[in-house]
Amino acid sequence: MKGRIALVTGGTRGIGAAIAIELKKSGYTVGVTYQENEESAERFRRTHQIEIFRWDVGDYEACHQGIQWVQQCLGVVDILVNNAGITRDVMFHKAIPEDWNTVIHTNLISCFNMSRVVIGGMREQNFGRIINISSINAQRGQAGQTNYCAAKAGILGFTKALALETTSKGVTVNAICPGYINTDMVQTVPQETMSKIIQQIPLRRLGEAREVARGVLFLASDEAGFVTGSTLSLNGGHYMI
């Protein structure tokens, strides 16, 4: 673990920030990517002393160049956490192609882009961890989120197939499906709606970002070497498979 390098996409806020912070606390050298809100990203860097890198993970060439930048600053990426994600919620009969394509690129195509540009280094060193952050709504569906659900469900298929290809090279690939987590995005949900959601969760509370981060820590560890192609559901019992 000591000296291993972890990269978290979308890692300056919310779940991504919690993952990056916990990885650093556990001894990893950590970098994070972001695309917008430079002020927030700089504040994160200063506060946590974690390197930040700005590019669009939905753009393959930007990812290729970005990983070269990361390698120059930190070294070869051992652990990749594909966390970057956005929402453009709307009922399907009102959806427009721009919103569909934006969500698919940021949430799903980014997993291909980022994994593709690090997989060579992982295979060469016979070690790697790719951890893809999906969603409870990939498993159960959600009205008004056909774009988001399609992208996050695609991540699960991507995870299983890539895991089958990389086991002989010591690279594991797993996914985490968080439920409703207490982040800034979830806090924008109207209180009445949120109360109804919490009543559907057996634990009767939202999850915390650090609880998702602990799942990532396990999957990134040597102790998780026999776990690959798996989906870890962290949702308080909201949806059981």
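Residue count for segment 110-136 under the criterion of being surrounded by fewer than 20 Cβ atoms within 10 Å (Cβ to Cβ) and in a helix (DSSP H, G or I): the result is 7.
I'd like to verify a number: residues in segment 129-139 that are under 24 Å from ARG116 (Cβ atoms) and either at pLDDT below 95 or over 10 Å from the mean Cα position of the chain (by Cα) (or both), how many? Residues in segment 129-139 being under 24 Å from ARG116 (Cβ atoms) and either at pLDDT below 95 or over 10 Å from the mean Cα position of the chain (by Cα) (or both): 2 in total. Would you mention how many residues in segment 87-119 are of a type in the set (Lys, Arg) and touching a residue at least 60 places away in the same chain (Cβ under 8 Å)? Result for segment 87-119: 1.
Listed by first and then second residue, the pairs linking a residue in segment 158-186 that is over 16 Å from ARG210 (Cα atoms) to a residue that is surrounded by fewer than 23 Cβ atoms within 10 Å (Cβ to Cβ) and charged (D, E, K, R), with Cβ atoms under 6 Å apart and 6 or more places separating them unless they lie on different chains, are LYS169/ARG123.
Selection of helices (runs of 4 or more DSSP H) fully inside segment 140-220 by the criterion of at least 3 residues being within 16 Å of LEU232 (Cβ to Cβ) and at pLDDT 95 or above returns 146-166, 209-220.
Matching residues to (1) modelled with pLDDT under 95; (2) more than 18 Å from ALA17 (Cβ to Cβ); (3) more than 17 Å from the chain's Cα centre (by Cα):
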| residue | (1), (2), (3) |
| --- | --- |
| ILE67 | no, yes, no |
| VAL70 | no, no, yes |
| CYS73 | no, yes, yes |
| ASP78 | no, yes, no |
| MET91 | no, yes, yes |
| LYS94 | no, yes, yes |
| ASP99 | no, yes, yes |
| VAL103 | no, yes, no |
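Each residue in segment 34-44 was checked for being buried (at least 16 other Cβ atoms within 10 Å of the Cβ) and either touching a Leu at 6+ places or on another chain (Cβ under 7 Å) or free of Cβ contacts under 8 Å to residues at least 40 places away in the same chain (or both), and 3 of them qualify. Mind checking whether some residue in segment 22-34 is closer than 29 Å to THR231 by Cα, acidic (Asp, Glu) and in a loop (DSSP other than H, G, I, E, B)? Within segment 22-34 (the criterion being closer than 29 Å to THR231 by Cα, acidic (Asp, Glu) and in a loop (DSSP other than H, G, I, E, B)), the answer is no, since none of the residues qualifies. If you go through segment 119-138 and keep only what is under 16 Å from LEU219 (Cβ atoms) and of a type outside the set (Lys, Arg), you end up with MET122, PHE127, GLY128, ILE130, ILE131, ASN132, ILE133, SER134. For the criterion of being within 18 Å of the chain's Cα centre (by Cα), among the small types (Gly, Ala, Ser) and farther than 24 Å from ASN101 by Cβ, GLY31 passes.
The values are calculated or read from the model by the stated rules, or taken from the named source; none is laboratory data. Quick caveat: nothing in here was measured; it's all calculated off a predicted structure. Cβ coordinates were reconstructed from backbone atoms using ideal geometry, including for glycine residues, and neighbour counts include every protein chain displayed.
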